[in-house]
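Working notes, structure below.
The values are calculated or read from the model by the stated rules, or taken from the named source; none is laboratory data. If you're wondering where the values come from, they're calculated on a predicted model, not measured in any experiment. Glycine gets a Cβ as well: all are built from the backbone with ideal geometry, and neighbour counts include every protein chain shown.
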Amino acid sequence: MSRHERRLKLKQSVDAVTRRGVDLSAPPNDQQWAVIAATRVLIDTLDSRHPTRAANTAKRAHEVFETSLKTNPSPHPIACAKGCAFCCHVSVTATAPEVFLVANALREKHKDDLQAILYRVQAADQKTRALTSMERAAQRVPCALLEDNACSIYESRPGACRGFVSTSAQACERGFNGDHTVRIDTPGVWLSLRSAQKQALLAAIAATDRQSRCYEFHHALRIALENPDAETRWLKGEDVFKDVSFERMEDPAAEAHNQRIIATLVAGALGKETA
Ligand code: SF4
């Protein structure tokens, strides 16, 4: 593809992804261009001059995800509903922009009682920081943001929470009660779109030369709440989450594959030749 053709394709794909999100019925090459276009949209948000542009980037990524879900209705109904929160007792990871979006939502919502929320996040962080995912699930430590069995920042919840849905509440309950053999089925549409959203967000962060990671949520959120200037410092290039554990792939081959995908998305979004 020539430089001109790549630019044209990128522009058309940005228009399409803005209107319809990622279309899983499109040919694979067009689907890849849709994720490249989503990356471009997120880079532009992250490169804007707005003081909360990191949080805005996460918001934009969530909008692409929700638009994509409407374009690709799943044939398998999901069982998730308000009041069912078995999955809010397992480890969550989130990128820096997603953490800032939640921190800003909490500041907005709790103008008069932010300290009480901070205490809750600090207490949850103290309980969960040293735990593995398995230990965390076994101990059933609830997310600090769970109130009356519902997410208190639902509109701003991280992508990991958005994409983690189930076709059976009974299966989730069995898992919650310690049944390690149970299978939690998430419809393929949700898995594919969550993966696309995560890759675009990680690629946009990488393209703007910042640490592109999914951090342990309680610890990262605690830092973002304890430091009102954390987003500004992160935008200036400071690694404010350097002490927070982050998601790593056990398998080096899988990690290398992931890195290749991110590199392809970055190259495409910047108008360069993709591998
Ligand atoms: S952020 Fe909300 S949806 Fe995610 S684990 Fe916490 S309470 Fe549940």
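Things to note:
- Annotation note: Cβ proximity below 6 Å between a residue of the stretch 186-210 that is under 18 Å from C87 (Cβ atoms) and a residue that is modelled with pLDDT of 95 or more and of a type in the set (A, V, I, L, M) (sequence gap 6+ or interchain) occurs for T186/V165; W190/V165; Q197/A61.
- Screening F176 on (1) out of contact with any strand residue (DSSP E or B) (no Cβ under 8 Å at 6 or more places or on another chain); (2) surrounded by 19 or more Cβ atoms within 10 Å (Cβ to Cβ) shows it passes everything except condition (2).
- Qualifying residue in the stretch 8-28 (condition: under 17 Å from the mean Cα position of the chain (by Cα), of a type outside the set (F, W, Y) and either farther than 21 Å from F217 by Cα or more than 16 Å from the ligand (Cβ to nearest atom) (or both)): yes
- Residue selected from the stretch 1-50 under the condition outside any helix (DSSP H, G or I) and free of Cβ contacts under 8 Å to residues at least 12 places away in the same chain, by the criterion surrounded by the fewest Cβ atoms within 10 Å (Cβ to Cβ): R49
- Per-region count, the stretch 183-202, residues surrounded by fewer than 17 Cβ atoms within 10 Å (Cβ to Cβ) and under 14 Å from G21 (Cα atoms): 2
- Unique residue being surrounded by fewer than 20 Cβ atoms within 10 Å (Cβ to Cβ) and under 30 Å from A55 (Cα atoms) when the list is S133, S166: S133
- Any hit, the stretch 84-106, residues being farther than 30 Å from D23 by Cβ and over 20 Å from the mean Cα position of the chain (by Cα): no
- Some residue of the stretch 110-126 being modelled with pLDDT of 95 or more and either of a type in the set (D, E, K, R) or within 24 Å of P77 (Cα to Cα) (or both): yes
- Neighbours by Cβ (under 8 Å, 6+ apart or cross-chain): first from the stretch 67-95, over 23 Å from L202 (Cβ atoms); second within 10 Å of the ligand (Cβ to nearest atom) and in a strand (DSSP E or B): K82/A150; G83/A150; A85/L146; A85/A150; A85/C151; C88/L146; C88/C151
- Any hit, the stretch 201-211, residues being more than 25 Å from S68 (Cβ to Cβ) and hydrophobic (A, V, I, L, M, F, W, C): no
- If the condition is being within 15 Å of the ligand (Cβ to nearest atom) and among the acidic types (D, E), then the stretch 95-109 contributes only E98.
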